[in-house]
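Heads up, the thing below is written out as structure tokens.
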Amino acid sequence: MARLLLLWNVVPDREKEFEEALEGLLSGLGSFPGVRDVSFNVAMPPSSTFRSASGEPRYGCMVEVDVRSASALSHLWSDPEYRRLVEEVMATVADFTALSFQRTITARDVMSRDLVTVPPSASFEELVKVLAAHRISGVPVVDEDGNLVGIATEADVLARSGTTVADIMTRKVLSVTEDTPIEDIGGILTRQRIRRVPVVKGEKVVGIVSREDVIRAMASL
């Protein structure tokens with residue numbers, strides 16, 4: 001059984017509205033092959049760790065997706081439409097509150113450290129080969145000191161012309177630190193409609209967090 005634990009701050013008179021919005025979204029999850037049932041329960045977790053910065057308790061929602069087998073679960077996570085719907089659930093929670101995860105989970109806990117990067121001097125052809133070889137849609141661009149200077153994505157490849165990465169890369173890059181709470185990262189990915197965000201320490205890239213990383217963190221709670 002796959003489980004997602006979503007948390008949000010108590011918002012007076014909105015608990016029922018939240019439940020209705022979430023119920024409508026989750027009903028779609030039950031239509032996927034391999035899913036027996038989808039259910040959710042709303043309650044206030046007893047642990048004091050589930051509290052907002054002001055000390056107010058958060059209410060939690062445990063979503064349970066009952067699947068027929070481990071292979072069925074694997075198939076679900078590889079289905080883009082299923083993941084899109086899960087991301088929409090995340091966005092709905094974010095609309096009700098800025099807090100959707102335990103405070104202790106940060107970029108450091110979920111980021112990928114096995115980085116693929118390119119220098120700004122790399123050729124257009126080299127960039128395309130890197131994206132294809134690693135099956136990724138974007139890659140951080142770093143200088144010789146490992147400092148983040150841009151990001152090059154499939155969209156940049158398709159929309160811009162040039163002979164080097166420096167010619168086509170996006171120079172204004174959103175980034176987070178190792179201590180950025182995962183709920184903030186989820187909000188950035190959702191609002192900016194991007195698939196990943198670099199993690200920096202000072203100016204150096206030390207990791208990257210993708211939508212998939214955020215979803216896996218949700219599933220492990």
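Report whether or not Gly150 is in a strand (DSSP E or B) and among the small types (Gly, Ala, Ser). Answer is yes for this residue. Only residues that are without any contact (Cβ under 8 Å) to a residue 60 or more places away in the chain and within 15 Å of the chain's Cα centre (by Cα) were counted in segment 158-183, giving 2.
Taking residues in segment 113-124 that are without any contact (Cβ under 8 Å) to a residue 12 or more places away in the chain and of a type in the set (A, V, I, L, M), and partners anywhere that are part of a loop (DSSP other than H, G, I, E, B) and loosely packed, with under 14 Cβ neighbours inside 10 Å, not one pair has Cβ atoms closer than 7 Å while being at least 6 places apart or on different chains. Please tell me if Ile182 is under 25 Å from Arg84 (Cα atoms) and open to solvent by 20 Å² or more (accessible area, probe 1.4 Å). For Ile182, the condition - under 25 Å from Arg84 (Cα atoms) and open to solvent by 20 Å² or more (accessible area, probe 1.4 Å) - is not met. Across segment 101-119, the qualifying residues are those that are at pLDDT 85 or above and aliphatic (A, V, I, L, M), and the one among them that is nearest to Ile185 (Cα to Cα) is Ala107. Consider segment 110-145 and keep the residues that are in contact with a strand residue (DSSP E or B) (Cβ under 9 Å, 6 or more places away or on another chain), more than 14 Å from Ile208 (Cα to Cα) and in a loop (DSSP other than H, G, I, E, B). The one that is least open to solvent (accessible area, probe 1.4 Å) is Ala122. The listed residues are Leu189, Leu158, and the only one of them that is in contact with a strand residue (DSSP E or B) (Cβ under 8 Å, 6 or more places away or on another chain), assigned to a helix (DSSP H, G or I) and on the phi < 0 side of the Ramachandran plot turns out to be Leu189.
For segment 185-195, taking the residues that are charged (D, E, K, R) and farther than 21 Å from Val130 by Cα, the one that is least open to solvent (accessible area, probe 1.4 Å) is identified as Arg191.
In this structure, Val205 qualifies as modelled with pLDDT of 90 or more, in contact with a Gly (Cβ under 7 Å, 6 or more places away or on another chain) and in a strand (DSSP E or B). Pull up segment 19-35, narrow it to residues that are more than 14 Å from Val86 (Cα to Cα) and part of a helix (DSSP H, G or I), then point me to the one that is most open to solvent (accessible area, probe 1.4 Å). Among residues in segment 19-35 that are more than 14 Å from Val86 (Cα to Cα) and part of a helix (DSSP H, G or I), the one most open to solvent (accessible area, probe 1.4 Å) is Glu20. For segment 204-214, indicate whether the set of residues that are open to solvent by 40 Å² or more (accessible area, probe 1.4 Å) and closer than 22 Å to Asp143 by Cβ is non-empty. Looking for residues that are open to solvent by 40 Å² or more (accessible area, probe 1.4 Å) and closer than 22 Å to Asp143 by Cβ, one finds at least one in segment 204-214, hence yes. The number of residues in segment 154-172 being among the aliphatic types (A, V, I, L, M) and open to solvent by 90 Å² or more (accessible area, probe 1.4 Å) comes to 1.
The values are calculated or read from the model by the stated rules, or taken from the named source; none is laboratory data. This one's a predicted model, so the numbers in the text were calculated from it and none came from an experiment. Don't worry about glycine lacking a Cβ; one is built from the backbone with ideal geometry, like all the others, and counts go over all protein chains shown. For accessibility, only protein heavy atoms count, side chains too; no ligands or nucleic acids. Shrake-Rupley method; radii C 1.70, N 1.55, O 1.52, S 1.80 Å.
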